[in-house]
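All remarks here apply to the structure that follows.
The values are calculated or read from the model by the stated rules, or taken from the named source; none is laboratory data. Model, not experiment: these values are computed from the prediction. Positions of Cβ are generated from backbone atoms using ideal geometry, with glycine treated the same way; all protein chains shown enter the neighbour counts. To get the accessible areas, we keep the full protein, side chains included, count just its heavy atoms, and leave off ligands, DNA and RNA. Shrake-Rupley method; radii C 1.70, N 1.55, O 1.52, S 1.80 Å.
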Amino acid sequence: MILLKDILYKVSLQSTSGDMNIPISGVQFDSRKVEKGDLFVAVKGTQVDGHNYIKSAIDQGAVAIVCQQAQTPVDGIAIIRTADSSRALAVIASNYFGDPSSKLKLVGVTGTNGKTTTATLLFNLFRELGYNTGLMSTIHNKINDEVISSTHTTGDALQVNGLLKKMVDAGCTHCFMESSSHAIDQNRIAGLDYDVAVFTNISHDHLDYHQTFDAYIKAKKKLFDELSGNAFALVNTDDKRGRIMLQNTVAQKRTLGVRSMADFKAKIISDSLQGLELEIENHRIWFNLIGDFNAYNILAAYGVAVLLDEEAHDVLVALSGLSAVPGRFEKIPLKSKIIAILDYAHTPDALKNVLKTISGIRTRNEQVITVIGCGGNRDKEKRPIMAEIACRLSDRVIFTSDNPRNEAPEAIIDEMKKGVPPQDFRKTLTISDRKEAIKTALALANDYDIILLAGKGHEDYQEIMGVKKDFSDKKMLMELESLMYNDKVGRK
């Protein structure tokens, strides 16, 4: 059990009252989870203000309260006031779990696109190099081969530090984690001892939360602003905002790029549906990943490994043997000669990258059929933009539901269709039921045609009216295609 005074180490305090030497049995910021002897941190969230639940937390047994609003003293309760309780929660969480991030080589990856692929490549790379390794990603969290479910790209401060503690206890030496803009802005990862922070790119996304693109950029930049002088900041300078990330950071600055001069540079030799050939450090290497955007993910993983003192040759050999990350430009094996690609692309830039990659490797003798929707209760501005991109770079487009959440799928599709140019109306279909949309795409496709299922990638559910229902694009596609193929063969 840890003492309150020890759990407050490095927390910026404005005032305290009560006994700071009391033992603390647990830390909570959700009053419903408070148990006897706990510390309750009242955080002002986007939906709920924890200060409204201080009395409830005390009634349930909390012996100490951290808050940022003045409180009436309560007998037997320690009250700590701080300027920012969300940041205090992150520091307290680190103290409570024994400062686990300082006991690992911790790498954070941020950016609009490429976070999951880069973090997962790094995890798989370091496992291949023989290390005990942890991963925190959109797809799942992992401690070596143990898979732990993931509900957010980046968890809350207690979840993050708790998982880092488990990694340390399991003997992990490295952890690679996606660091989302929401998590950075909400101080969920404040105070973590990063060894490397990576910036992949930035484009239109999450403006429902950040409101402006400038605020979104500043949220990403905050990760780099808070790095220590012992850490490395590795940024993609082919993205014009890469240099912005380096402004004001005291970390050691390193760059990567394909088109510009950089510390870590790659040249794309060839790109096909079979893989990607790159020249890195005067070595020509074949990789199993597809698409020029993956050149950046591979290069980021390579750069991080070298910065963490791994031998360049060993890194390149290991990277060359790694497979695609689930749901990221994943080619799905089918019985027929139809080519199917699954991708998580749910931003305009990601969709454009995927479709341009397909355009660059197709023969022009086949159709590109894109099945796409947009998520409900999220950034609405990108809906018509994504529809326009899909129409411009596809031969046929089927608009369908993604995760409509609490919105009507038809209403989301109507907003998407506002971006369809008049000359492209004839190439579009609207089928709100995602299963029927996939089935229709298969029915429209001939041998060697390319079907892109965009937006959901690795997800194995659809969220409709607040309820998550089982639905996997990959599983659905393979089941429908198998039935149609067997039926076709049977008729012959």
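On the basis of the beta-carbon distance and an R0 of 56 Å, Val467 and Ser228 show a calculated FRET efficiency of 0.80. A cut-off of 5 Å between modelled amide H atoms, ignoring neighbours fewer than 5 places along the same chain, links Leu289 with Leu276.
Note on surface exposure: Asp263, Asp271 rank Asp263, Asp271 by accessible area, highest first, 1.4 Å probe.
What order, most packed first, do the peptides 171-178, 462-469 have when packing is the mean number of other Cβ atoms within 10 Å of each residue?
Descending packing order for the listed peptides: 171-178, 462-469.
With contacts taken as Cα pairs under 8 Å and at least 6 residues apart, the chain reaches a relative contact order of 10 percent.
Rounded to the nearest 0.05, what FRET efficiency do Lys267 and Gln247 give with R0 = 30 Å and r taken as the Cβ-Cβ distance? Could you check? Efficiency computed from Cβ-Cβ geometry: 0.60. Per the Debye formula on identical point scatterers at the alpha carbon atoms of the chain, with no solvent, log10 I(q)/I(0) at q = 0.09, 0.10, 0.13 Å⁻¹ is -0.67, -0.82, -1.24. Summarising the amide proton neighbourhood of Ser179: residues at separation of 5 or more, or on other chains, whose placed amide H is nearer than 5 Å comprise Val109, Thr110.
State which entries of Lys142/Lys166; Lys220/Lys253; Lys352/Lys439; Lys221/Lys265 exceed 19 angstrom in Cα-Cα distance in the structure shown.
In this structure, Lys352/Lys439; Lys221/Lys265 lie more than 19 Å apart at Cα.
Amide H contacts for Thr255 (H built 1.01 Å from N in the peptide plane; partners 5 or more residues away or on another chain; cut-off under 5 Å): Val235, Asp263, Phe264.
Sequence-ordered 3J(HN,Hα) estimates for the range 116-126 from the Karplus curve with 6.51, -1.76 and 1.60 and θ = phi - 60° stand at 5, 4, 5, 5, 5, 4, 5, 4, 5, 4, 6 Hz, glycine and proline given as x. Subtracting the Cα-Cα distance of Ser17 and Thr363 from their residue separation scaled by 0.36 nm leaves 117.3 nm. Helix 434-444 and the long axis of the chain differ in direction by around 20°, with both axes built from C-alpha atoms.
For the range 76-176, relative contact order (Cα pairs under 8 Å, six or more residues apart, normalised by length) works out to 35 percent.
Seen from every direction in turn and averaged, the convex hull around the alpha carbons of the range 362-430 projects onto 4.5 nm².
Distance between the C-alpha centers of the range 67-133 and the range 368-387? Whole Å please. Using only Cα atoms, the two centres lie 32 Å from each other.
If you take all C-alpha pairs in the range 355-492, what percent of them are over 28 Å apart?
Summing the P(r) of the range 355-492 above 28 Å gives 17 percent of all pairs.
For the range 139-262, what class follows from the C-alpha gyration tensor (a ≥ b ≥ c being the square roots of its eigenvalues): rounded when a/c is under 1.5, otherwise prolate if a/b is larger than b/c, else oblate? Because a/c hits 1.5 or more and a/b exceeds b/c, the range 139-262 counts as prolate.
Taking all protein chains together and rolling a 1.4 Å probe, Lys115 ends up with roughly 30 Å² accessible. Here the chain exposes an accessible surface that is 47 percent carbon and sulfur, computed with a 1.4 Å probe and the other protein chains kept in place. Neighbours of Lys474, meaning other residues whose beta-carbon lies under 9 angstrom from its beta-carbon, give a summed charge of -2 when Lys and Arg score +1 and Asp and Glu score -1.
Using a/c under 1.5 as the rounded threshold, could you call the range 1-81 rounded, prolate or oblate? The axes a ≥ b ≥ c are square roots of the C-alpha gyration tensor eigenvalues, and prolate needs a/b larger than b/c, oblate otherwise.
It is rounded, given that a/c, with a ≥ b ≥ c, falls under 1.5.
For the chain, the longest principal axis of the alpha carbon atoms and the long axis of helix 382-393 meet at an angle near 30°.
Dividing the mean sequence gap of close Cα pairs (under 8 Å, 6+ apart) by how many residues the range 1-139 holds gives a relative contact order of 21 percent.
Per residue, the chain reaches -10000 deg cm²/dmol at 222 nm when only DSSP H runs of four or more residues are counted, each adding -39500 (n - 2.57).
Name the aspartates and glutamates eligible as straight-distance cross-link partners of Lys55: C-alpha to C-alpha under 15 Å, and not fewer than 8 places from it in the same chain. The qualifying aspartates and glutamates are Asp30, Glu35, Asp38, Asp75. Between helix 85-96 and the chain, what is the angle of the helix's C-alpha long axis to the longest principal axis, kept within 0 to 90° and rounded to the nearest 10? With rounding to tens, the tilt is 80 degrees.
Partner lysines whose Cα lies under 16 Å from the Cα of Lys418, excluding those fewer than 8 positions away in the same chain, are identified as Lys380, Lys382, Lys427. Each DSSP beta bridge with both residues in the range 374-492 is either parallel or antiparallel, and the antiparallel ones are about 50%. Phi-derived couplings, Karplus 6.51 cos²θ - 1.76 cosθ + 1.60 at θ = phi - 60°, listed residue by residue for the range 61-66: x, 4, 10, 8, 10, 10 Hz, with x used for Gly and Pro. Within the shell defined by Cβ-Cβ distances under 13 Å, the residues around Thr428 carry a net charge of +2, with Lys and Arg each +1 and Asp and Glu each -1. Here the 3J(HN,Hα) profile of the range 254-260, calculated from phi with Karplus coefficients 6.51, -1.76 and 1.60 at θ = phi - 60°, is 9, 10, 9, x, 10, 9, 10 Hz, Gly and Pro shown as x.
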